DNA sequence: GTCCTGATCCTCT
DNA sequence: GAGGATCAGGACG
C-alpha cells in the first residue's frame, strides 16, 4: 500500500484533454490534494464515473446552462454542483473545450490530513471518511467556491500516484435513472474505500 | 446484514 | 413546481 505523494508531480492539462472514459479509468490511483487554510488533506482516487455529452444522465446532455457551464470549458478544471438540497459533488472537466464531459470523483482512500478529515466529517472510521461523492467533498473541505478552479495549480489539485497502475474494475454507474446500464464506473479492484461493490 | 425514510434547496422546465 | 450523479439513522431480521 503506497502512501507516497510527490506534490510537485501535478497532472498536466494534457492528461485531462483526452477521451473522458480513458481519463476516468486513468485517474484511479492518482491523488487529490487540497491545501486549505485549515490544513492539507489528500486521498488516493479509488472510484470514478464518466459522464459523456451524448448520455442522458450527463448534466451537459441538453446543452449549456448556468450550472454546467464549466463542463464546456477547457479540461483540467473543477465542476462542483449542488445536489439533493444538502450536498455537493466534485467532478473533473475532461475532453476538448466545447465538449461537455466530466469525471465524477466518487471515492478516495484517505492518505494525508486524516485528523482534519475526521473533524470535518464527525466520524472516525477511515472507510466512512471519503467513500461517496458527497462524503469526500466534505472531508476534503471542497465547497461551491471551487467550481471552475484550475486543478493544474493549487490549492486544489491532482498529482500522480507512485507505483504501477493497479487493476481497475469497470461497472455501471450509481444513483442515476437513464443510462444506468452503461459501463462508465471504474474502481480500484479490492479497495475497501469504494462507495459500493 | 437489508430496506426505508427524511433532510433540504438549487436548477431547469 | 418537480426532481435530483446523496447520506445517515432507524426498523427489522
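Coordinate-derived values only; no laboratory data. Because the structure is a prediction, the values reported are computed rather than measured. Virtual Cβ from ideal backbone geometry, glycine too; neighbours counted across all protein chains shown.
For chain A, set up a GNM with springs between Cα atoms under 10 Å and report which of A:86, A:64, A:140 has the largest fluctuation.
Answer for the Gaussian network model of chain A: A:86.
For n ≥ 4 DSSP H runs only, could you compute -39500 (n - 2.57) per run for chain A, divide by its residues and tell me the 222 nm figure to the nearest 500?
The helix-only estimate for chain A comes to -3500 deg cm²/dmol at 222 nm.
Just check region A:1-43 against the gyration tensor rule for me: Cα atoms, a ≥ b ≥ c as the square roots of the eigenvalues, rounded for a/c under 1.5, and otherwise prolate or oblate depending on whether a/b exceeds b/c.
Prolate.
Could you work out the mean projected area of the convex hull around the alpha carbons of region A:5-188, in square nanometres to one decimal?
Mean orientational projected area (region A:5-188, Cα hull): 9.7 nm².
Can you give me the C-alpha center-to-center distance between region A:137-166 and region A:110-131, rounded to a whole angstrom?
Each part reduced to its Cα centre gives a spacing of 16 Å.
Sorted by packing (mean other beta-carbon atoms within 10 Å per residue), highest first, where do A:88-96, A:41-49, A:107-115 land?
My ranking of the peptides, most packed first, is A:41-49, A:88-96, A:107-115.
For region A:147-192, what class follows from the C-alpha gyration tensor (a ≥ b ≥ c being the square roots of its eigenvalues): rounded when a/c is under 1.5, otherwise prolate if a/b is larger than b/c, else oblate?
oblate
Which FRET efficiency, nearest 0.05, do residue A:192 and residue A:134 yield, Cβ-Cβ r, R0 30 Å?
Efficiency, from the Cβ-Cβ distance: 0.95.
I need the calculated FRET efficiency for the pair residue A:177 and residue A:125, taking r as the beta carbon distance and R₀ as 30 Å, to the nearest 0.05.
According to the calculation, E is roughly 0.45.
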